[in-house]
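Comments concern the structure below.
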Amino acid sequence: MNVIWLDATRLTGLTTELAELLADTVDGGASVGFLAPLDRAEAAAWWRERSTAVAAGRLAVWVAYEEPGRVLGTVSLALPDKPNSTHRAELVKLMVHRAARGRGLGRRLLAVAEEAAAARGITLLHLDTETGSPAEHLYRSSGWTPVGAIPDYAADPAGVLRPTTIYYKRPGAGPAPAGTG
């Protein structure tokens with residue numbers, strides 16, 4: 001399994017594969033901002049729109065792929081452009097194809113993003129995820145600290161409003177001690 005950082009050109013070149021991953025993630029029930037079923041053209045357009053933020057340095061995107069180049073996962077860091085927030089970033093769109101789950105890929109992508117954040121001098125990461133989702137176990141076991149939950153924050157892929165839990169982590173910090181996360 002290879003994990004690479006995408007510049008805007010590479011992102012654009014992988015739009016079809018990333019659209020398939022996004023659609024699979026949504027169709028699998030993950031709450032990543034879209035309703036099911038997700039049209040592949042809509043998913044591809046969404047990814048193409050990300051290339052502007054990547055080119056501007058406001059979004060960093062990594063993909064995990066298997067030879068001969070099938071995209072199986074992705075993760076991104078949204079980087080603020082305001083002077084008072086350059087020390088932090090938001091972890092967004094951690095996705096693993098359903099066929100690749102259970103192999104540690106989500107954990108690997110998370111680690112890549114955390115390491116890249118630390119290398120950039122980012123001292124605080126944050127994210128939100130659907131409360132009670134499988135992703136919560138990954139974040140908690142990877143040292144992320146829950147801050148609290150917001151009821152009815154976003155609709156899941158079926159359109160049902162669900163609560164979201166907010167997490168934070170200081171890059172370089174290991175897993176939280178037992179009983180704290």
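Could you say whether any residue in the range 148-171 is over 20 Å from Ser31 (Cβ atoms), at pLDDT below 95 and not hydroxyl-bearing (Ser, Thr, Tyr)?
yes
Residues of the range 1-58 being touching a helix residue (DSSP H, G or I) at 6+ places or on another chain (Cβ under 7 Å) and in a loop (DSSP other than H, G, I, E, B), which ones?
Within the range 1-58, Met1, Asp7, Gly28, Val32, Phe34, Ala36, Pro37, Leu38 qualify.
For the subset of the range 17-31 comprising residues that are surrounded by 19 or more Cβ atoms within 10 Å (Cβ to Cβ) and at pLDDT below 95, which member is nearest to Leu72 (Cα to Cα)?
Ala30
Go through the range 81-99 residue by residue and tally those that are surrounded by fewer than 21 Cβ atoms within 10 Å (Cβ to Cβ) and touching a His at 6+ places or on another chain (Cβ under 9 Å).
Residues in the range 81-99 being surrounded by fewer than 21 Cβ atoms within 10 Å (Cβ to Cβ) and touching a His at 6+ places or on another chain (Cβ under 9 Å): 2 in total.
If you check Leu109 against the conditions, is it under 13 Å from the mean Cα position of the chain (by Cα), under 18 Å from Thr129 (Cα atoms) and modelled with pLDDT of 95 or more? Walk me through it before giving the result.
Working: under 13 Å from the mean Cα position of the chain (by Cα): yes; under 18 Å from Thr129 (Cα atoms): yes; modelled with pLDDT of 95 or more: yes.
Yes; evaluated as a whole, the condition is true for this residue.
Are any of the residues in the range 44-59 within 20 Å of Asp156 (Cβ to Cβ) and within 17 Å of the chain's Cα centre (by Cα)? Even if it seems obvious, please write down each step before you answer.
Residues of the range 44-59 that are within 20 Å of Asp156 (Cβ to Cβ), as a first pass: 46.
From what is left, the residues that are within 17 Å of the chain's Cα centre (by Cα) are 46.
The answer is yes; a qualifying residue exists.
Within the set of pairs 6+ apart or on separate chains, which have a first residue in the range 120-136 that is on the phi > 0 side of the Ramachandran plot, a second that is assigned to a loop (DSSP other than H, G, I, E, B) and surrounded by fewer than 17 Cβ atoms within 10 Å (Cβ to Cβ), and C-beta atoms under 9 Å apart?
That search, which allows pairs on different chains as well, returns Gly121/Thr86; Gly121/His87.
Has the range 59-66 got at least one residue that is assigned to a strand (DSSP E or B) and either acidic (Asp, Glu) or farther than 16 Å from Trp5 by Cα (or both)? Before you say what the answer is, go through the steps one by one.
Residues of the range 59-66 that are assigned to a strand (DSSP E or B), as a first pass: 59-66.
Still in the list and also either acidic (Asp, Glu) or farther than 16 Å from Trp5 by Cα (or both): 66.
Looking for residues that are assigned to a strand (DSSP E or B) and either acidic (Asp, Glu) or farther than 16 Å from Trp5 by Cα (or both), one finds at least one in the range 59-66, hence yes.
Which condition from (1) closer than 26 Å to Ser51 by Cα; (2) surrounded by 14 or more Cβ atoms within 10 Å (Cβ to Cβ); (3) over 13 Å from the mean Cα position of the chain (by Cα) is the one that Glu115 breaks?
The one condition Glu115 does not meet is (2).
Quick one: Asp152 ticks every box in (1) over 28 Å from Tyr65 (Cα atoms); (2) touching a residue at least 12 places away in the same chain (Cβ under 8 Å); (3) not small (Gly, Ala, Ser) bar one, so which box is it?
Failed condition: (2).
Just to be sure before I move on: is Ala41 of a type in the set (Gly, Ala, Ser), farther than 30 Å from Asp152 by Cβ and at pLDDT 95 or above in the structure I sent?
On the way: of a type in the set (Gly, Ala, Ser): yes; farther than 30 Å from Asp152 by Cβ: no; at pLDDT 95 or above: yes.
No, not satisfied.
So if I check each of Gly73, Gly102, which one is at pLDDT below 95 and either crowded, with 17+ Cβ neighbours inside 10 Å or at positive phi (or both)? Full working, then the answer.
On the way: Gly73 fails: at pLDDT below 95.
Answer to the selection: Gly102.
The values are calculated or read from the model by the stated rules, or taken from the named source; none is laboratory data. Just so it is clear, the model here is predicted, and its values are computed rather than measured. Positions of Cβ are backbone-derived with ideal geometry, glycine not excepted, and every protein chain shown enters the neighbour counts.
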